[in-house]
Each structure stands twice: as structure tokens, then as C-alpha cells.
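Each value in this text was obtained by applying a stated rule to the coordinates, not by laboratory testing. These numbers come from a predicted model, not from an experiment. As a convention, Cβ positions derive from the backbone with ideal geometry for all residues, glycine included, and neighbour counts pool all protein chains shown.
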């Protein structure tokens, strides 16, 4: 079930290379289908969204938007323990992102340099953001919180949630997090509606949140007409463990990721061959009683591995090359080892820090870079919902002081009009008020 990649394995190099070269690339057939869906929604708006929802999901949606009374009535069906957990999760996620905003100085700055040029970086929130949350047979109130909370903390004026077949838990999370409107639509058609607007669905400035392959393809295609957070691929975890790690914990954490999706990646890296064997056995034992064992089993067969390395240094080198979405450190000196990792979406240190804590309650965002994009990507955060504007105001003295260099550089680039735009002002340096 969980293939052990030993040092002497003749396919070792190719297996490791394949794992590290995975990406969030979209299947060409899926992309073409998404392209057709987007074109249809742009041409026919709400009518296309309704027809596509019926075709792909078997749902009839006369009213795309959930009215407030229905929203509140459905949200009230959530059991008290789940409702209280949602409230506590919201509180922790909000507190973390408020601290992020405070420490990042997201209010911008201004300065006057030595030559009396007034320079400013102005920061403003986006006006309207679309939140995509998977639905249907799944329930993801946590994804509502993780996308809505940082947007609200950033000061986004309007939050638009789209989700296919929203459940009471999702609607309660939306209410708690301050979502403004909810639409019971999903798939590429929902992405198109958010990106371009319809008679019912408002056009947004940015779309965030995970979805299936068609959602990912649609987000890639509409990027440029609207901002997106990332192209999310299958979920993934890399567990870095030493000989003293508990095989049962390692196996449980691999299975927790594998149960997400048949395309999920669950990888163990260790310098202990005996631990690798024990974890492989434990995976078989635990999988037998896992309700989502069919999904997890397929994921492990396709993308699961227990990689044996010669040393911790070699294990760390592979970890850095793999650039995991989630990295668990079940090793002695985890804090020190974490400092050596620069490419990971989120790092979980120690036996008492399961990745599941980050998914639900810890506070840091669980929308993370996948497919190796942790080499350059980051978790979703407050800064993703802000835009920056540069503001410049020169006094006559500032322009005179810098004119020679500006003209020199403009002429070096062959742009004489740029140079002239400066020299024409020097003829009457007092013509513009300071």
C-alpha cells in the first residue's frame, strides 16, 4: 500500500524526481472544458449558470442566491457543539490574522527624501472578493473561515461566497465570518460568474479558495481579468520522522491527508528503514477502519511513499526540493530543524501538533501553496486582500535635482519623449505649485 523507497531501489532516483516535479498543471481536456464553460457564462450569464449546474451537478437552481431568511434558518440547524467549535475557530483565526495585519504595517508609509520629493505607498483593501468553497457532498466550514476572515480583517467591503449545495455548517461559518452574500453555485461556471459578473452574481476583484480540477482550470483562465490567490492542486503532506517517531502517529497523519482526494500526496521521509517498514504496516492496519478508505487507498497507491535516506541532511535536502504544502517534523530538535526549511507552506513541529490542528483551529491559514509552489508561494493572508498604490509629488527643486539622471536614463533607452517631458518642465520650473 505505502511503497518503501529504499536506498538500493533501482527506481529510487526516478521516483524522487517524479515526486519533486509534481505540479498543479491542468489537464488539457479539463482546461478546454473550462474554457467552453467560461465562454458560455460570459455570453448567457445566469441562464448558462443554471443550465451548467443542472448538467454537471443534477441540481436545479432557480434562485442562484440564497436569501437571508433561508440562510439564517439553515444555519440555525447546526448542532450546538459544532456551532461552538466554529465560533472558537473563528476567534482564533481572526486573532492570528489581526496580529498579521498589525505586524506587517499594512497601512503603508510616506516619506520626503533629501531632494524634497514626496513619496508615498498607499494601501487599500480590495472592494469585493469572491470566496469559493467546495460543497455538494462535502462540508467545509473551515474553508469559509480561512478565506473570509483575512479578507474581513483586511477591510474588504463585500464578501461573496459561492458554493455548490451549501450545508448548514457552511452557512453558519459564513454568518459568523461576516460574509455578505451566498450563491448556491459551484464549478467553473461559478468562477466565470464571479470573474465577469451576471445579472445576479456581482463581478469581484479577486477569487480565492480551493476547488476541483475544473475550478483550478477556470481560475487559471480568468486570471488577468480578475486576481486569484493560486492554482490549487491536490493536498499533500510530507512527514519527516526519525527512528524515535511513533509509527502510529506517522501513519495517522499520512492517512489524514490521503483521505482528502484520490490525487493527494502522502509521503514519509526518514533515515530509519525500520520506521519506514513499521509505518507501512500501520497504514494497512489503520486504513481498514477508515470510513474514507477507498479514497485514501487510491491516493496512497498512486502518490504515497516512504523514502529512506542515508542521513537527516539528505532527508532535509529532499524535503526542500519537494516543497510540501504541509510539513510535519516528528524528529528530535524540531524547532532547530524547522529553521533549515525555507520551502514549505506550513510546518508542524512535534508529536502533539497534527496537521489537522492547522486545518481547523490553530489560527494560521490553511489555504497553502501546493504542487511544489511553496518554493515561491505563501499561505493566504491579510496582504492577499490589499492593493498598493505609489504616490509621487515633486517640488520644482526635486525635479531640478534629478533631471539630469532621468534624462540620461531616458536617452539610454532611446525614449526621447520621456526626456523631453522632463526638460520642458525645466524651462519653467516654477510653473507647477509645490
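Does the range 1-103 come out rounded, prolate or oblate by the C-alpha gyration tensor, with a ≥ b ≥ c the root eigenvalues, rounded set by a/c under 1.5 and, if not, prolate when a/b is larger than b/c and oblate if not?
Working: a/c = 2.33, a/b = 1.27, b/c = 1.83.
Oblate shape, in that a/c is at least 1.5 and b/c is the bigger or equal ratio.
Rounded to the nearest 10 degrees, the angle from helix 247-258 to the longest Cα principal axis of the chain is 50 degrees. Helix 213-222 axis versus longest C-alpha principal axis of the chain: approximately 10°, rounded to the nearest ten.
Hydrodynamic analysis of the chain uses the Kirkwood radius over alpha carbon pairs. Inserted into Stokes-Einstein at 37 °C and 0.692 mPa s, it gives a translational diffusion coefficient of 136 µm²/s.
Report the FRET efficiency, 1/(1 + (r/R0)^6), for residue 27 and residue 109, where r is their Cβ-Cβ distance and R0 is 51 Å, rounded to 0.05. The pair residue 27/residue 109 has a calculated efficiency of 0.70.
Cα-based radius of gyration for the range 153-282, normalised by 2.2 N^0.38 Å, reads 1.41. Legend: Rg and Dmax of the range 168-219, from Cα coordinates, 11.6, 30 Å. Within the chain, DSSP assigns beta bridges of which about 25% are antiparallel (rounded to the nearest 5).
Residues considered: 276, 401, 305. Largest GNM mean-square fluctuation over the chain, using C-alpha springs under 10 Å, is found at 401. Size descriptors for the range 28-228 (Cα atoms only): Rg and Dmax, in that order, 18.6, 66 Å.
If one computes P(r) from the Cα atoms of the range 284-424, what percent of pairs lie at distances over 18 Å? Walk me through the numbers on the way to the answer.
Numbers: 7247 of 9870 pairs.
When all Cα pairs of the range 284-424 are counted, 73 percent exceed 18 Å.
Equivalent ellipsoid of the range 234-336: semi-axes from √(5λ) of the C-alpha gyration tensor, largest first, are 22, 15, 11 Å.
In units of the rule-of-thumb radius 2.2 N^0.38 Å, the range 370-411 shows an alpha carbon radius of gyration of 2.15. Expressed as a whole percent, how much of the Cα-Cα distance distribution for the range 67-164 exceeds 22 Å? Considering the range 67-164, 46 percent of its Cα-Cα pairs are separated by more than 22 Å. The ranking of 289, 170, 70 by Cβ neighbour count inside 10 Å, starting from the fewest, reads 289, 70, 170.
Using Cα pairs closer than 8 Å and at least 6 residues apart in sequence, work out the relative contact order for the chain, in percent. Before the final figure, lay out the partial values.
Values: 850 pairs, mean separation 88.2, N = 434.
Once normalised by length, the contact order is 20 percent.
Counting beta carbons within 10 Å around each of 424, 349, 93 and listing the fewest first gives the order 424, 349, 93.
Pairing the Cα long axis of helix 46-57 with the longest principal axis of the chain, what angle in degrees results, from 0 to 90 and rounded to the nearest 10? The two axes meet at around 20 degrees. For the chain, modelled as a Gaussian network with Cα springs under 10 Å, which listed residue fluctuates most, 29, 403, 76? Result: 403 has the largest fluctuation of those listed.
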